[in-house]
Amino acid sequence: MTECLLKVASLVLASEGELEPFGTDAASLSKGGAVACETLGKQGARLYHGGTVTEISDIPTEEVDPTGAGDAFAGTFLAVYVRSGDPVLGARESNAAGAARVKA
């Protein structure tokens with residue numbers, strides 16, 4: 001079922017390596033028309049959109065607790081992307097939200 005959903009998704013947010021068990025990756029999904037953002041933990045994120053790959057730089061921070069960082073990233077991405085229509089802005093703001101969350 002997940003494989004079917006990935007084929008029709010217009011937006012995919014996944015951690016690095018999460019898509020491989022489903023026989024795909026963020027670059028392939030983007031070639032099919034999806035905006036795909038791959039989180040890289042402390043190394044930032046990689047955004048695939050419209051045939052472009054944008055590296056989102058890390059934000060140096062001292063990690064206290066990573067709980068909820070992925071949720072903060074995803075929620076922020078959705079809010080910013082839906083409002084602005086700009087996936088790069090969404091990824092940058094999400095990266096900042098994730099970094100802020102791990103400090104808490």
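Please compute the contact order of region 36-88 in relative form: average sequence separation of alpha-carbon pairs under 8 Å and at least six residues apart, divided by the residue count, as a percent. Display every interim value, and only then the final one.
Values: 44 pairs, mean separation 12.9, N = 53.
Worked out over region 36-88, it gives 24 percent.
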Nitroxide proxy distance, nm - points 7 Å out along Cα→Cβ at V82 and K31: 3.1 nm
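So what is the orientation-averaged projected area of the chain, using the convex hull of its C-alpha atoms, in nm²?
Values: hull surface 25.0 nm².
Mean orientational projected area (the chain, Cα hull): 6.2 nm².
Treating only the Cβ atoms of Lys and Arg (+1) and Asp and Glu (-1) as charged, compute the dipole magnitude of the chain about its Cα centre; round to the nearest 20 debye. Before the final figure, lay out each step's value.
On the way: 8 positive and 14 negative charges, 69 e Å.
Here the size comes out at about 320 debye.
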Spacing of the two label points (7 Å from each Cα toward its C-beta) at L89 and E18, in nm: 2.4 nm
Rounding to the nearest 10 and keeping the result within 0 to 90°, find how far the Cα-based axis of helix 69-84 lies from the longest principal axis of the chain. 70 degrees
Can you find, among Y81, T67, A97, the residue sitting farthest towards the positive end of the charge dipole of region 38-104, where Lys and Arg contribute +1 and Asp and Glu -1 at Cβ? Y81
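Can you tell me the FRET efficiency between S10 and E62 if r is taken as the Cβ-Cβ distance and R0 is 25 Å, rounded to the nearest 0.05?
Values: r = 36 Å, r/R0 = 1.43.
Calculated transfer efficiency: 0.10.
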Does anyone have the angle between helix 87-103 and the longest principal axis of the chain? Alpha-carbon axes, 0 to 90°, nearest 10? 40 degrees
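Each value in this text was obtained by applying a stated rule to the coordinates, not by laboratory testing. Everything numeric in this text was worked out from a predicted model, so none of it was measured. Here Cβ is always computed from backbone atoms with ideal geometry, including for glycine, and neighbour counts include all displayed protein chains.
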